[in-house]
1. Taking into account only those residues within the range 101-112 that are among the aromatic types (F, W, Y) and touching a helix residue (DSSP H, G or I) at 6+ places or on another chain (Cβ under 9 Å), which is surrounded by the most Cβ atoms within 10 Å (Cβ to Cβ)?
2. Out of the range 45-97, which residues are out of contact with any Gly (no Cβ under 9 Å at 6 or more places or on another chain), small (G, A, S) and under 15 Å from W31 (Cα atoms)?
3. List the number of the failed condition for L85; all other conditions in (1) within 30 Å of D124 (Cα to Cα); (2) exposed (fewer than 15 other Cβ atoms within 10 Å of the Cβ); (3) modelled with pLDDT of 95 or more hold.
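The values are calculated or read from the model by the stated rules, or taken from the named source; none is laboratory data. Model, not experiment: these values are computed from the prediction. All Cβ positions, glycine included, derive from the backbone under ideal geometry; neighbour counts span all protein chains shown.
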Amino acid sequence: MQSPPPTQSPALAKPPLGSFCVLLADDIRFWEPRRIFYNFALSVVAVAWLVGTWPHFRVALTLPSLLLLVILALLANACYCAAYLVDLPMQHLALCTVWRHWRWGLWLMGTLFAILLENYWIADEIYPSVR
């Protein structure tokens, strides 16, 4: 007697359309190209502060301050990843197709908040110590 051919186990089957991997890939396709514009916007603000108040910031441009600048840039990019914490659960809702059309608003609000935070940090924490 011949046994039927083995079937693929459910765990190895192709994941359903709404699986975590598919949603994460969709998030990466949306958020990562916009990270370039996010970083560009934050860089423009920093350069504007530097150019607009140049004589005052000349003394602050030292090797330790450049290391701090790199650390702050890495922290800004780590904060950018917080969008995934909002976007992934929103895609599990029934209104996920509506959310996908409007998630650029989350990007815009996050970018504006980062610019506001950057301006505050420069004006309150860095600029007073430079004068």
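1. Initially, the range 101-112 is screened for residues among the aromatic types (F, W, Y), giving 102, 104, 107.
Narrowing the set further to residues that are touching a helix residue (DSSP H, G or I) at 6+ places or on another chain (Cβ under 9 Å) leaves 104, 107.
Working: W104: 11, W107: 18.
By that ranking, first place goes to W107.
2. Selection gives A76, A78.
3. The one condition L85 does not meet is (3).
Residues checked against (1) under 29 Å from R103 (Cβ atoms); (2) out of contact with any helix residue (DSSP H, G or I) (no Cβ under 7 Å at 6 or more places or on another chain):
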| residue | (1), (2) |
| --- | --- |
| P33 | yes, yes |
| F37 | yes, yes |
| A41 | yes, no |
| V47 | yes, yes |
| W54 | no, yes |
| R58 | no, yes |
| L61 | no, yes |
| L66 | no, yes |
| V70 | no, yes |
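Rundown of residues vs (1) aliphatic (A, V, I, L, M); (2) part of a helix (DSSP H, G or I); (3) under 28 Å from C21 (Cβ atoms), yes/no style:
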residue: N39; (1), (2), (3): no, yes, yes
residue: L69; (1), (2), (3): yes, yes, no
residue: L93; (1), (2), (3): yes, no, yes
residue: R100; (1), (2), (3): no, yes, yes
residue: A114; (1), (2), (3): yes, yes, no
residue: Y120; (1), (2), (3): no, yes, no
